[in-house]
Amino acid sequence: MKPNFVRIMASAVIVALLMVIHFATPSRGGLWLQTFYDSMHVLFFGVIAVCTLLATPLHWSRRKRLLTVLVAALALSTLSEAAQIPTERDASFIDLLADWFGAAGFIAVAIVFSASISIPKGRGRYLILVGIALVAWPLLPLAKVSAAYLERSQLLPELTSFDSRFGDMFFYVQNAELRKFRRSGETTFSAEVSLGDGPWPGIIFHDLWPNWAPYSALTIEIENPGAESLPVNIRVHDRAHRSGAQPYSDRFNRSIDLAPGTQTILISLSEIENAPAERQMNMREIDGLVVFCTQQESGESFILHRIRLE
């Protein structure tokens with residue numbers, strides 16, 4: 001059996017396995033897990049590019065071999081993203097760029113150590129630096145999210161901070177606008193949520209610190225800056241709820257008539273645990289907290305100062 005045929009067969013098996021793994025990874029998961037899966041595009045298509053390089057005929061010119069590798073990597077990455085469009089997975093141009101950068105970065109390093117490809121003397125170190133730079137760019141989101149998760153753990157028992165470096169990763173507004181500011185004499189930021197004209201306007205906190213089991217209460221310091229009472233709803237759900245049909249009776253729900261001024265809402269965690277109608281909420285896998293109103297309150301606002309566990 002010719003050596004090049006062996007390389008072709010081995011490379012084909014590796015590429016096939018990587019593509020299976022790529023499509024078999026779960027489409028659901030928290031922010032870190034999803035970012036990790038996205039970052040693995042660099043590894044998958046980098047290895048695919050190297051395998052393709054090994055499979056190209058040795059008698060081809062350097063330019064032809066490299067061009068074949070890059071075209072193959074571009075084609076496979078484009079097909080992989082296109083195949084995700086009709087599924088629940090998130091196809092994106094950013095993922096496509098990560099695929100391309102991973103392939104180019106791995107190839108830049110691989111040709112330095114390839115015995116079958118000659119490069120001008122002194123170019124090796126520059127190619128390695130280029131390869132590292134190409135691979136590092138798609139990995140930056142994973143580094144950022146990892147830092148955000150570390151900061152999240154250090155905030156405890158605070159569940160969120162509106163003045164943290166990475167806190168914005170863990171919440172977003174729905175049919176509303178958010179403005180951060182400092183109260184007079186305070187060092188930390190508060191967030192004013194101005195309600196828009198749309199269904200269920202408010203603020204959604206996701207990827208919270210999940211393990212609430214060691215605590216006994218949830219406290220929310222909230223302010224109604226208006227002159228009239230404001231109906232506000234509070235929702236808490238766990239991971240099992242989000243992965244299903246999300247019925248109203250399967251989560252914690254509370255409606256509060258928020259009087260003008262600032263008040264602290266205290267909610268017993270045992271009440272949250274026993275809120276689902278047919279099960280107990282998993283207090284070690286809390287997945288989300290939502291503070292929202294109805295469309296009838298469009299034009300009003302509420303201010304969140306602190307959200308913490310007691």
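The values are calculated or read from the model by the stated rules, or taken from the named source; none is laboratory data. Just so you know, these numbers come straight off a predicted model, no measurement behind them. Cβ: placed from backbone, ideal geometry, glycine included. Neighbour counts: every protein chain shown.
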- Query: What number of residues within region 298-310 are surrounded by fewer than 19 Cβ atoms within 10 Å (Cβ to Cβ) and either at pLDDT 95 or above or within 28 Å of the chain's Cα centre (by Cα) (or both)?
  - Reply: 5
- Matching residues, region 147-187, being within 19 Å of the chain's Cα centre (by Cα), of a type in the set (Phe, Trp, Tyr) and farther than 15 Å from Leu289 by Cβ: Tyr149, Phe166
- Query: Got at least one residue in region 172-187 being in contact (Cβ under 8 Å) with a residue 60 or more places away in the chain, crowded, with 19+ Cβ neighbours inside 10 Å and out of contact with any Cys (no Cβ under 9 Å at 6 or more places or on another chain)?
  - Reply: no
- In region 157-187, the residues that are assigned to a strand (DSSP E or B) and under 13 Å from Glu221 (Cβ atoms): Glu158
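Residues checked against (1) under 23 Å from Asn253 (Cβ atoms); (2) of a type in the set (A, V, I, L, M, F, W, C); (3) in contact with a helix residue (DSSP H, G or I) (Cβ under 6 Å, 6 or more places away or on another chain):
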residue	(1), (2), (3)
Arg179	no, no, no
Arg183	no, no, no
Leu195	yes, yes, yes
Pro201	yes, no, no
Asp207	yes, no, yes
Pro210	yes, no, no
Pro214	no, no, no
- Item | region 166-198, subset under 17 Å from Leu155 (Cβ atoms) and of a type in the set (Phe, Trp, Tyr), residue modelled with the lowest pLDDT | Phe166
- Message: Being over 25 Å from Gln34 (Cα atoms) and either modelled with pLDDT under 85 or not assigned by TED's automatic domain parsing to the domain that holds Phe36 (or both) narrows it down to one residue among Leu134, Leu127; which is it?
- Response: Leu127
- Scan region 271-289 for residues that are in contact (Cβ under 8 Å) with a residue 12 or more places away in the chain and either part of a helix (DSSP H, G or I) or of a type outside the set (D, E, K, R) (or both) and jot them down. Glu271, Ile272, Ala275, Pro276, Ala277, Met281, Asn282, Met283, Ile286, Gly288, Leu289
- Item | Those residues of region 36-78 which are closer than 20 Å to Ala133 by Cβ and free of Cβ contacts under 8 Å to residues at least 40 places away in the same chain, in sequence order | Met40, Val69, Leu70, Ala73, Leu74, Ser77
- Task: Please report, ordered by residue number, the helices (runs of 4 or more DSSP H) entirely within region 1-109 with at least 1 residues that are aromatic (Phe, Trp, Tyr), within 30 Å of Phe170 (Cα to Cα) and at pLDDT 75 or above.
- Result: 31-55
- Query: Do the conditions hold for Phe162, that is, is it within 22 Å of Ile286 (Cβ to Cβ) and not β-branched (Val, Ile, Thr)?
  - Reply: yes
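This table checks each residue for (1) over 30 Å from Leu218 (Cβ atoms); (2) out of contact with any Ser or Thr (no Cβ under 8 Å at 6 or more places or on another chain); (3) of a type outside the set (S, T, N, Q).
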| residue | (1), (2), (3) |
| --- | --- |
| Ala104 | yes, yes, yes |
| Ile107 | yes, yes, yes |
| Ser118 | yes, yes, no |
| Trp137 | yes, yes, yes |
| Ala147 | no, yes, yes |
| Leu155 | no, no, yes |
- Any hit, region 115-131, residues being within 28 Å of the chain's Cα centre (by Cα) and surrounded by 13 or more Cβ atoms within 10 Å (Cβ to Cβ): yes
